[in-house]
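The values are calculated or read from the model by the stated rules, or taken from the named source; none is laboratory data. Computed from a predicted structure; not experimentally measured. Here Cβ is always computed from backbone atoms with ideal geometry, including for glycine, and neighbour counts include all displayed protein chains. Please note that ligands, DNA and RNA were not included when accessible areas were found on the heavy atoms of the full protein model with its side chains. Shrake-Rupley method; radii C 1.70, N 1.55, O 1.52, S 1.80 Å.
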Amino acid sequence: MLVDIQNLHIGFESRTGFTPAVKGVSLTLGTEKLGIVGESGSGKSLTARALMKLLPKQTRISADALTFDGIDIMSASEREMRQIRGKRAGFILQDPKYSLNPVKTIGSQVAEAWRTHKGGSKRQAAEAAVMLLEQVKIRDPKKVAASYPHQVSGGMGQRVMIAMMLAPDPELLIADEPTSALDATVQAEILRLIEELVSERGMGLLLISHDLPLVSHFCDRVAVMYAGRVMEEVKASELLSAQHPYTRGLLNCMPSLLHPKDRLPVLTRDPEWLK
Ligand SMILES: Nc1ncnc2c1ncn2[C@@H]1O[C@H](COP(=O)(O)OP(=O)(O)OP(=O)(O)O)[C@@H](O)[C@H]1O
Ligand SMILES: [Mg+2]
């Protein structure tokens with residue numbers, strides 16, 4: 001098993017007291033595609049960040065299990081985490097513009113990412129960079145390699161980030177709203193690319209998104225989160241017919257690329273869900 005999360009609790013200590021944010025989440029992931037959906041603030045990103053030990057200092061965390069490939073993340077040192085983060089597990093974030101260096105060409109940044117993990121000469125790295133750009137289906141990889149980040153579109157920037165992330169051959173890919181800064185058609189293309197790469201390379205995927213239909217299309221299983229808990233976990237193919245009233249509410253209230261609506265109803269919440 002790649003990821004095992006059991007009874008994960010995350011909360012924040014402040015002058016006014018303790019605020020729980022994640023309240024007993026359990027999830028497992030093998031070489032498969034797991035989607036996490038749920039409204040803003042439901043604890044999706046915190047759960048993913050806990051797995052990479054990327055939580056702010058004032059965070060309190062406890063879990064019966066929190067492991068990556070059997071490694072206990074709770075007790076792992078920063079040095080051990082650096083062997084996992086960006087190497088065995090890649091992170092793709094919302095907006096690539098903040099992650100690319102504006103004063104370096106795209107090719108040199110991808111080459112650097114490759115060389116950090118694989119070694120070799122600068123020339124080999126430059127060649128590998130063009131190959132990686134090709135793998136993320138950039139049509140003119142040499143031209144893009146010579147460009148600076150501001151010269152490419154958001155979708156292209158996201159492809160470059162994915163190419164960099166692929167350099168160390170990670171086993172797990174965590175994508176937290178990887179496409180929400182992009183327009184609709186580009187979003188679908190990037191998700192299709194992620195899905196293809198994950199399947200081809202036999203990686204595990206943790207895909208966090210607001211878009212339920214999109215996630216059900218690209219994942220195998222989906223966990224639906226609400227107020228720090230997993231409300232239900234369903235096969236992706238069954239998401240659109242899920243029975244939990246919160247999931248039904250989400251499905252009705254959320255706009256989707258695949259099923260656009262003119263007007264969205266308002267989600268009603270049942271206090272029972274919090275019990
Ligand atoms: N550093 C922090 N200090 C205090 N509270 C925080 C902190 N980070 C997150 N939270 C709270 O924890 C809850 C869960 O946050 P999280 O980022 O996991 O939500 P999310 O499901 O990813 O939402 P979104 O869809 O908006 O990204 C939120 O209510 C948020 O306000
Ligand atoms: Mg988030």
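Tabulated data for the structure shown
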{"item": "Candidates Q124, Q135, Q151 - the one that is open to solvent by 60 Å² or more (accessible area, probe 1.4 Å), of a type in the set (S, T, N, Q), touching a residue at least 40 places away in the same chain (Cβ under 8 Å) and touching a helix residue (DSSP H, G or I) at 6+ places or on another chain (Cβ under 9 Å)", "result": "Q135"}
{"item": "Some residue of the range 129-142 being more than 16 Å from ligand 1 (Cβ to nearest atom) and touching a Ser or Thr at 6+ places or on another chain (Cβ under 9 Å)", "result": "yes"}
{"item": "Pairs, first under 21 Å from G107 (Cβ atoms) in the range 161-178, second away from ligand 2 (no atom under 16 Å from the Cβ) and β-branched (V, I, T), C-beta under 6 Å, six or more apart", "result": "I162/V136; A163/V110; A163/V136; M164/V110"}
{"item": "Filtered residue count, the range 194-234, keeping only those that are under 23 Å from N7 (Cβ atoms) and part of a helix (DSSP H, G or I)", "result": "0"}
{"item": "Filter result (small (G, A, S) and under 21 Å from T67 (Cβ atoms)) within the range 22-45", "result": "G24, S26, G30, G35, G43, S45"}
{"item": "Test result for T67, touching a residue at least 24 places away in the same chain (Cβ under 8 Å), away from ligand 2 (no atom under 16 Å from the Cβ) and not acidic (D, E)", "result": "yes"}
{"item": "Those residues of the range 157-171 which are touching a Ser or Thr at 6+ places or on another chain (Cβ under 9 Å) and either more than 17 Å from K118 (Cα to Cα) or of a type in the set (S, T, Y) (or both), in sequence order", "result": "G157, Q158, M161"}
{"item": "Total residues in the range 194-245, condition under 17 Å from the mean Cα position of the chain (by Cα) and aromatic (F, W, Y)", "result": "1"}
{"item": "Some residue of the range 85-99 being aromatic (F, W, Y), closer than 22 Å to L173 by Cβ and surrounded by fewer than 21 Cβ atoms within 10 Å (Cβ to Cβ)", "result": "yes"}
{"item": "Qualifying position, being open to solvent by 10 Å² or more (accessible area, probe 1.4 Å), farther than 23 Å from A111 by Cβ, modelled with pLDDT under 90 and in contact with a helix residue (DSSP H, G or I) (Cβ under 7 Å, 6 or more places away or on another chain), among L206, L182", "result": "L182"}
{"item": "Residues being more than 16 Å from ligand 2 (Cβ to nearest atom) and either open to solvent by 30 Å² or more (accessible area, probe 1.4 Å) or closer than 22 Å to L251 by Cα (or both) - total across the range 25-40", "result": "5"}
{"item": "Residue tally, condition assigned to a strand (DSSP E or B), modelled with pLDDT under 95 and more than 8 Å from ligand 1 (Cβ to nearest atom), over the range 7-65", "result": "4"}
{"item": "Cross-chain or 6+ apart pairs with Cβ under 6 Å, the range 36-61 first and at positive phi, then open to solvent by 10 Å² or more (accessible area, probe 1.4 Å) and not charged (D, E, K, R)", "result": "G38/Y226; G43/A21"}
